[in-house]
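Inspection log for the structure reproduced underneath, given as structure tokens.
Since every read-out is calculated from the coordinates, none of them should be taken as a lab result. Quick caveat, the model's predicted, so the values are computed rather than measured. For neighbour counting, all protein chains shown are included, and Cβ atoms are generated from backbone atoms with ideal geometry for every residue, glycine included.
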């Protein structure tokens, strides 16, 4: 046997903590908290459509153009925090429930990277509605959504992100860093649009659920010790 093979494995609590660890842990966690607040604010600021047809959506953007722009910017930066949030959850599962954590991260990442960029379409749809008659505006917007490769950055990818978030939440709970009930917020956020597809209240509630979930993940990351962050072991460094 080599000397390396004979060396005892260091306990999780004794894993060295690099000098950059505290800053990086706090940066990811704080970004997640701020992103959750921005996401909830973006949903609250949105002028929601009163119907399920495309024209209702386009008309809602031009009711108050400044408000629509503010909402899109808030949601863009709020959604940017989905990636640090996923990383926080993945770090919680680096030792316990690793397989579930890895699968959840893989399912979530592509959609999370796509979501912020989708908000730019609000600006284009707003300009289309402001500069074209209603029927032409609807035709142009529908034509853009009908392009075949668009599905790769919308619809199914977004749904996989929420599935992955739930799986990561359960894995983080099993690892001892997160409470399983927080995953219900993601479930509610997905069910609300299906139960009540139009109206401001269900959409604002959806944003509040998603934002609160992100805040809870960020707070859980802030409460971790640096030893827990590095080792993935609950109770390390306490």
*Would you calculate the volume per residue, in Å³, of the smallest convex hull containing every Cα atom of the stretch 150-238?*
107 Å³
*Rank by packing, highest mean first: peptides 143-156, 165-178, with packing defined as the count of other Cβ atoms within 10 Å averaged across residues.*
165-178, 143-156
*Treating the angle as unsigned and between 0 and 90°, give the value, to the nearest 10°, between the Cα long axis of helix 21-45 and the longest Cα principal axis of the chain.*
20 degrees
*What fraction of the Cα pairs in the stretch 40-176, stated in percent, has a spacing above 27 angstrom?*
32 percent
*Round to the nearest 10 and give me the degree value, 0 to 90, for the angle of helix 82-92's Cα axis relative to the longest principal axis of the chain.*
20 degrees
*Neighbouring Cβ atoms within 10 Å as the yardstick, rank 64, 122 fewest first.*
64, 122
*To the nearest 10 degrees, how steep is helix 134-146 against the longest Cα principal axis of the chain, on a 0 to 90 scale?*
30 degrees
*What are the semi-axes of the equivalent ellipsoid for the chain, taken as the square roots of 5 times the Cα gyration tensor eigenvalues, largest first, in whole Å?*
41, 17, 15
*May I ask you to derive the relative contact order of the chain, considering only C-alpha pairs under 8 Å and at least 6 residues apart, and to give it as an integer percent?*
34 percent
*Starting from one equal scatterer on each C-alpha and no solvent at all, send me the Debye-based log10 I(q)/I(0) for the stretch 137-186 at q = 0.15, 0.19, 0.20, 0.29 Å⁻¹, two decimals.*
-0.55, -0.66, -0.69, -0.99
*asked:* So if I take the centroid of the Cα atoms in the stretch 184-238 and the same for the stretch 139-169, what is the distance between those two points in Å?
replied: 21 Å
